[in-house]
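Data first, discussion second: the structure below is written as structure tokens.
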Amino acid sequence: MINVKSLVTRANPVPDAASDELSARASEDLAALVGSTPVTQRGVRKRRTPRGVSRRGALVASVACAAVAVVAGVTFFALDSPEEPGGGGPLADEPYFETTAKLENAADLIVRVRLGAGHEESVDGIDETVATARVTATAKGDESSGRSIEVVYTTPGSGPETADLAEGKEYVLLLDTMGGGRFTLVNTTQGAYRVEDGQAVASGGNDIALSPGVTKALRLTS
């Protein structure tokens, strides 16, 4: 009869990591105990990390590859940023006012003017036109009829968003106060309305009408 105590003492059910197979004596004893063919680990090879590459090194390499993929994706979307339809560059960052009240409240000055001659100036690489405008009526602000003001706006055709203003034409202007006594449009889309047949006509892309109180003060019809 097999001495079980001796067998348990000699046989190691969990082989050492350094050993690739059971010892011959342990295999025979284990076979006699369970009634099967001696079991060895021959032919079973451990999966090893490639020589010279540690597990930590492999993890670092995986993280680096993921970071490169993220940076490449961000670069692609940055290069593929949308442009203003028909314009020459990215969309300009201007406020847009969704209601008549918000638009009129944003302006320091709302006047009916006839636009005079202007001259171009370049500020931080942006071409601007400075024109003299004669006030014919005021709906908001202190400028009285008959006075002239200086209006600054992006020169038409010089960028993705420019106001369509022309010398000698009559407009309703919604203006912000600048330094030096000058004024600028609240934005290029909603800052100017053409005066045609006694009415204020909005430019393309602006579907906000002026309030009845403003049009009446400017002696216009709604």
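The values are calculated or read from the model by the stated rules, or taken from the named source; none is laboratory data. Remember, predicted model here, so these are calculated numbers, not experimental data. These area figures cover heavy atoms from the full protein model, side chains too; ligands, DNA and RNA do not enter into them. Shrake-Rupley method; radii C 1.70, N 1.55, O 1.52, S 1.80 Å.
The residues of the stretch 120-179 expose, per residue, 50 Å² of accessible area to a 1.4 Å probe.
In the context of the full protein assembly, Leu115 retains an accessible surface of approximately 10 Å², using a probe radius of 1.4 Å and ignoring ligands and nucleic acids. Computed from the alpha carbon positions, the gyration tensor of the stretch 98-222 leads to an equivalent ellipsoid with semi-axes of 21, 16, 14 Å, biggest first. A 1.4 Å probe over all protein chains sorts Ser203, Ser122 by accessible area into Ser122, Ser203, starting with the largest. Largest accessible area first, the listed residues Lys216, Lys102 line up as Lys216, Lys102 when surface is computed with a 1.4 Å probe on the assembled protein chains. Solvent-accessible area of Thr154, all protein chains in place: 40 Å² (probe radius 1.4 Å, heavy atoms, ligands and nucleic acids excluded).
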